Every structure is written in structure tokens, then in C-alpha cells.
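What follows is a single structure, written as C-alpha cells, with notes after it.
No lab work stands behind these numbers, since they all come straight from the coordinates. Predicted, not measured: the structure shown is a model, and the values here were computed from it. Cβ sites come from the backbone with ideal geometry, for glycine too, and all protein chains shown count toward neighbours.
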Amino acid sequence: MENTENLKTEIVTAIKNASDIKTLEEIRVSVLGKKGKITELMKGLGALSVEEKKEMGKTLNILKSEVEAALEAQKKVLEAQELNRKLAAETIDVTLPIRPENQGRIHPVSKIYEEVVAIFGEMGFEVAEGPDIEDQFHNFNALNMPANHPARQMQDTFYIPNPDSDDFDDSYVVRTHTSPVQIRTMEAKRPPIRVIAPGRTYRSDYDATHTPMFHQVEGLVIDKNITMAHLKGCLYDFVKAFFELDEIPVRYRPSYFPFTEPSAEMDIGCKKTKTELKIGAGTDWLEILGCGMVHPRVLEAGGIDPNEYQGFAFGVGIDRLAMLKYGIPDLRTFFESDVRWLKHYGFLPLDESSMTGGLSNNGGMAR
Ligand code: PHE
């Protein structure tokens, strides 16, 4: 039988000289494979005497594990080399300009948000904010919806337990509308108030036009001598600017919200066909938002004297505006994070919305 020491040196040297994984694998097969050198030697053990077999078996087992260890070690070395080579070859210069086809897209909701802020910003409105997790005082009570008020059932509310209280009235909610920001604004500043409050809202609802999380923008104006005419003028200018039309028929239908009196819903003119919805001319109407004069009790809850001040408020669904303006049929797709959808309906990041530079840039979605 061959001298195993020489064999070992020969194999280990070959392993250490292997310069790639393929060569290493060939060595492994030639040594430990079915017809490999060590495998053959092991097969030869049967012909030996019991004593020799014991001795040689032990030697071959040691040799085998040494070879395996050498293979493993060299594999690690080669893999590390391969990784370094790849890293060196595939470095990315983050200071280079991006390729146009790889540009990210602005989500339609973000786009509408920017458009709405641009329009009302131009009219002198500030942007106000409130928390997504609200207490029932701000989401309901202060908005003239005391506990057990039937209007609370109008909104399918998600309640959040209050860790400090077992009383259901103390539980929190994820805000069902942006109207609580009206109260928070009144608490924080004195009139004249002119704010919009865009943000997330939540209701337990799910179909093609409802998702459990959606977006609204609230508007609130409070000053002395504010009338319904101000509301109408303001919202008329808004829809014209938003839909980028010189003329647009509008009408107000009487409605009910606990926090406004009188309350109305605003419709805009449109033409509906089986396949198309054209905003503007036409004999059909499309409901677009809820509005009204701020209820005296709401002013009081916000610490403002209703005998001295009046105001108007409105609430618009941002997602709904996006569906209408950009012809997106299913709201659920907004929140599925499908990059193909975003590439189709999204906007190029540098196309900023402004009243002077263009709002949607000719309704020009990134193709
Ligand atoms: N908060 C109302 C809703 O979510 C909309 C609204 C806001 C109506 C302000 C009137 C005034 O439906």
C-alpha cells in the first residue's frame, strides 16, 4: 500500500493550489468520489488481515477527514476571493445621476396631497396636523357627537384600549376623519384661522372604493363675519384649480354633519358614459366633498366665542380625488405596493406641483 503521508501532501498541495471552485470540486471528486483515490484505498481494506485492516482503516479515516478539512478551508478562501472580486467589479458610484428608467415614482396620493397644499397655500391657508390615534373627545365629543350619539355609528370606528382605564369612554380611536384637527387647531391658536389638515384616517370598510386606511384633507376658516358665501367661493376656486378647468358647474345639496350647521354636500358637473367619466361639462353630478358652517357648539368646545366668530369647514377624500382626476378604478390597488402599478400611475419626482409651474403638469402621468 502507498505511503499515505506522501499521498496526503500531494492532495493537500493540489487543494491549496486550486484557484477556483470548479477545480476544487474536480479534486474532491478525484479523491473522495466513487472512484476517488481514498475511496479506492478504502475498498482495498477488505483484502487485508484483521490487524492490518484496523491499522490502515484508522490511518485512512484520519487522512479522509484531513482532506475534507483542507477542501472546506480552501472553499472558504475561494468564496471570499470571489466575493471581493464581485464587490470590486460591481461598485456603485452613488454620486452618479440615476438612469431615467430606474427613477422612483411619486404615489398619486402624495401627488394629490401636494396639489391640494399648493392650491390652498396660494389662498393663504396653513397646513395643520393632528395625531392618527385620537381620544374620543377630539374625534367625537368636541365635534358635537356626545357618547351614544347616533352619528357615531355613521363611522365604523376602530377603538384602541386605554391601558390606564377600563371605561370604554376612555378608549382611544384611530381617527375616523380629519375633523378632530379642527378642535386641535382652535385649542392651539386664536382666530383668524385658515388651515387645511391633510392626513390619514381609518374606518372598518373594504371594497373597490373603501379601504380601512384612507386620506382626507380638512379645511377650517374662522373669523368675524364669515358666511356661507365665503365657503362657496373658496370651494369653487378649489375645484376649478384642482381639476385644471376654467369653468366647472357646482351645486350644494343640504346634508347633515353633527359638527356643521347648516351642512351641505358639494357636487361637480360631469358626463358619465359606460366607459368614461369626464369632469366639467355634462348633465350628471358627482359628489365631491362635505362642508358646512362650523356648529356653535364646536366653536365653544374649541374655546372660541360663537357670538363673536363664525367659520366654515369642509372635508375631502384625497384618495377619491386621485381616483377621479387620474382615472384609477380601484382604491385597494393604492395600498398594494405593486411597483408596476406605481410605475403606471405614479409621477416623476421632479415634477413638482405649483400654481405657477403647473399642478399636475398636464395631467401628465409618468408613462
Ligand atoms: N368629517 C366629515 C366626514 O368625514 C366631512 C366634513 C368635514 C363635513 C368638515 C363637514 C365639515 O365625512
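Here are a few things to note about the model shown:
- ³J(HN,Hα), Karplus 6.51/-1.76/1.60, whole Hz, each residue of the range 238-253, x for Gly, Pro: 4, 5, 4, 5, 5, 8, 6, 10, 6, 9, 7, x, 10, 8, 10, 9
- The phi torsions of the range 314-329, fed into the Karplus equation with coefficients 6.51, -1.76 and 1.60 and a -60° offset, translate into couplings of 8, x, 10, x, 5, 5, 5, 4, 5, 4, 5, 6, 10, x, 9, x Hz, rounded to whole numbers, with Gly and Pro shown as x.
- Label-point separation, ASP207 to GLU90 (7 Å along Cα→Cβ), nm: 4.8
- Across all C-alpha atoms in the chain, the radius of gyration and Dmax reach 36.0, 115 Å.
- Residue pairs, from the table LYS34/LYS64; LYS111/LYS272; LYS189/LYS240; LYS274/LYS343; LYS111/LYS240, whose Cα atoms sit over 21 Å apart: LYS111/LYS272; LYS189/LYS240; LYS274/LYS343
- Separation of alpha-carbon centers, the range 65-136 and the range 187-266, rounded to whole Å: 36
- Listed by chain and number, the aspartates and glutamates whose alpha-carbon sits under 17 Å from that of LYS325, ignoring those within fewer than 8 places in the same chain, are GLU114, GLU115, ASP237, GLU244, ASP246, GLU247, ASP267, GLU276, ASP284, GLU287, ASP351, GLU352.
- Highest average packing first - 286-295, 339-348, Cβ atoms within 10 Å: 286-295, 339-348
- Applying the Karplus relation 6.51 cos²θ - 1.76 cosθ + 1.60 with θ = phi - 60° to the range 109-118 yields 3J(HN,Hα) values of 5, 5, 5, 4, 3, 4, 5, 5, 5, 5 Hz, where x marks Gly and Pro.
- Virtual spin-label span in nm between LEU277 and GLU5, 7 Å along Cα→Cβ: 8.9
- Peptides 262-272, 191-201 ordered by packing proxy, namely the average of other Cβ atoms within 10 Å per residue, highest first: 191-201, 262-272.
- Fraction in percent of alpha-carbon pairs per bin - 5 Å, the range 91-197: 2, 10, 15, 15, 14, 12, 10, 7, 6, 5, 3, 2, 0
- Whole-angstrom gap from the range 46-63 to the range 305-334, using each part's C-alpha centre: 86
- Segment GLU55-GLU82, length gained on full extension (0.36 nm per residue, minus Cα span): 5.6 nm
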